[in-house]
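Chemist: Structure provided below as structure tokens; questions to follow.
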Amino acid sequence: MAKHTIVLIPGDGIGPEVTAAARRVLEASGLSVDWVDLPAGATALEQGFDNVLPERTLAAIRAHRVALKGPVTTPVGKGFKSVNVQLRQKLNLYAAVRPVRSMPGIKTRYDDVDMVIVRENTEGLYSGIESEVVPGVVTSLKVASEAACMRIARYAFRYATKRRRKSLTVFHKANIMKLTDGLFLKCAQKISEDEYPNIEYREVIIDAGCMKLIQDPTKFDVLLMENLYGDLVSDLCAGLVGGLGVTPGANIGDEAAVFEAVHGSAPDIAGKGVANPLAVIMSGVMMLNHLHEEALAEKVKGAYNAVLAEGKTLTRDLGGGAGTNEFADAIIAKMK
Ligand code: NAD
């Protein structure tokens, strides 16, 4: 088996706890790996770096092309530009891919949810172009470029085709944001018609789309949307399958990929050893597939599915009493 070099960014809050657990699980699967441990977020400042995203961390991801990242804390309304936005823009990680699936043993309102959210990751309202027009009046610019809209639409249809998905739905608000969301829709329509007629194509205005998701998420397959909508709808969908503890993610570009859970640094439970590491472990499984280690990915997936189905060792967010490490140990035990 080839040895992989993977950048590991523990992050802030629960990040170090959940990434350490994920690292143990991935190593126990038999993955041959050299981890390059580097900081980002508040932790980077505490370690004496002058930026929340140190140049050394960025350079390592550029060099090794793959990273597993814990969440970082982003101060509200002040301070450095978000680490996540910087990472996605600087490394051109233009596609956020977030599978949302019903999990064995996790009782929720629906049993057969199986969706993938593809979120444009580099522009929209996350472009960071804000200004004060006059005192008391501020603006935030929403940016949509044809190149980025075509790129994400093509990625989403290609992903849908490779994964044998049936339909792709764009959530939008082009009735109000006629130019930006209008361009996003136009690009998706063009890619659908010209390149992927094999995938059923649908468009839904996002407010009605959210209602439909809650009423019956099993009607949706691949969802494609711009940056902010993808952020919001990801958490909404996480709530449909058991919460943020079970929702993994990947940020994919042509030159690099960063795998991370959808959840944040959860300061309310940080340092207590109770966070659910599963979302990071599942992000690790997406990373194994990306590295063409499909057999190891299946091994880890089979192990956590078995632990969930048994229902004896679950973390608090899933109704159990197990700690972060206990849950990881149960997964490791299933792989022996
Ligand atoms: P959050 O996702 O950190 O937490 C929301 C709720 O979910 C909390 O009650 C938390 O305890 C719970 N939760 C989250 N992950 C969990 C897990 N693995 N196990 C059990 N419970 C879990 O969202 P927030 O509180 O809005 O944000 C906290 C910080 O994280 C903010 O600074 C925010 O900017 C940042 N954030 C970072 C990322 C990232 O780095 N990718 C993503 C989202 C938010």
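Chemist: In segment 253-284, what residues are surrounded by fewer than 24 Cβ atoms within 10 Å (Cβ to Cβ), in contact (Cβ under 8 Å) with a residue 24 or more places away in the chain and more than 9 Å from the ligand (Cβ to nearest atom)?
Modeler: Of everything in segment 253-284, those that are surrounded by fewer than 24 Cβ atoms within 10 Å (Cβ to Cβ), in contact (Cβ under 8 Å) with a residue 24 or more places away in the chain and more than 9 Å from the ligand (Cβ to nearest atom) turn out to be Gly253, Asp254, Glu255, Ala256, Ala257, Gly271, Gly273.
Chemist: Ok, one more. How about segment 285-306: which of its residues are within 16 Å of the ligand (Cβ to nearest atom) and touching a Leu at 6+ places or on another chain (Cβ under 8 Å)?
Modeler: Within segment 285-306, the subset within 16 Å of the ligand (Cβ to nearest atom) is 285-287, 304.
Those that are within 16 Å of the ligand (Cβ to nearest atom) and touching a Leu at 6+ places or on another chain (Cβ under 8 Å): Met287, Tyr304.
Chemist: Another question, then. Counting only residues that are among the small types (Gly, Ala, Ser) and in a strand (DSSP E or B), which one in segment 46-96 is nearest to the ligand (Cβ to nearest atom)?
Modeler: As a first pass, look at segment 46-96 and keep what is among the small types (Gly, Ala, Ser): 48, 59-60, 63, 67, 70, 77, 79, 82, 95-96.
In the following step, the residues that additionally are in a strand (DSSP E or B) were identified as 67, 95-96.
Details: Ala67: 12, Ala95: 15, Ala96: 10 Å.
Per the criteria, the residue is Ala96.
Chemist: Separate question: Of the residues that sit in segment 42-70 and are in contact with a Pro (Cβ under 8 Å, 6 or more places away or on another chain) and crowded, with 17+ Cβ neighbours inside 10 Å, which one is nearest to Met335 (Cα to Cα)?
Modeler: Among those residues, the one meeting the criterion is Gly70.
Chemist: While we're looking at this one, here's another question. Does Ala28 satisfy being more than 9 Å from the ligand (Cβ to nearest atom), modelled with pLDDT of 95 or more and out of contact with any strand residue (DSSP E or B) (no Cβ under 7 Å at 6 or more places or on another chain)?
Modeler: Numbers: more than 9 Å from the ligand (Cβ to nearest atom): yes; modelled with pLDDT of 95 or more: yes; out of contact with any strand residue (DSSP E or B) (no Cβ under 7 Å at 6 or more places or on another chain): yes.
Considered against the rule, which asks whether it is more than 9 Å from the ligand (Cβ to nearest atom), modelled with pLDDT of 95 or more and out of contact with any strand residue (DSSP E or B) (no Cβ under 7 Å at 6 or more places or on another chain), Ala28 comes out as yes.
Chemist: Across segment 81-103, what is the total count of residues that are farther than 18 Å from Arg119 by Cβ and out of contact with any Leu (no Cβ under 8 Å at 6 or more places or on another chain)? Give the steps one after another, and end with the answer.
Modeler: Filtering segment 81-103 for residues farther than 18 Å from Arg119 by Cβ gives 81, 102-103.
The next check asks that each one be out of contact with any Leu (no Cβ under 8 Å at 6 or more places or on another chain); those that pass are 81, 102.
Qualifying residue count for the region: 2.
Chemist: Which fully enclosed helices (runs of 4 or more DSSP H) of segment 189-307 have 2 or more residues being within 18 Å of His4 (Cα to Cα) and not aromatic (Phe, Trp, Tyr)? Reasoning before the result, please.
Modeler: Numbers: elements: 206-215, 227-241, 278-290.
Of the helices (runs of 4 or more DSSP H) lying wholly inside segment 189-307, those with at least 2 residues that are within 18 Å of His4 (Cα to Cα) and not aromatic (Phe, Trp, Tyr) span 278-290.
The values are calculated or read from the model by the stated rules, or taken from the named source; none is laboratory data. Note that this is a predicted model, so its numbers are computed, not measured. Heads up, the Cβs are rebuilt from the backbone with ideal geometry, glycines too, and the neighbour counts pull from every protein chain shown.
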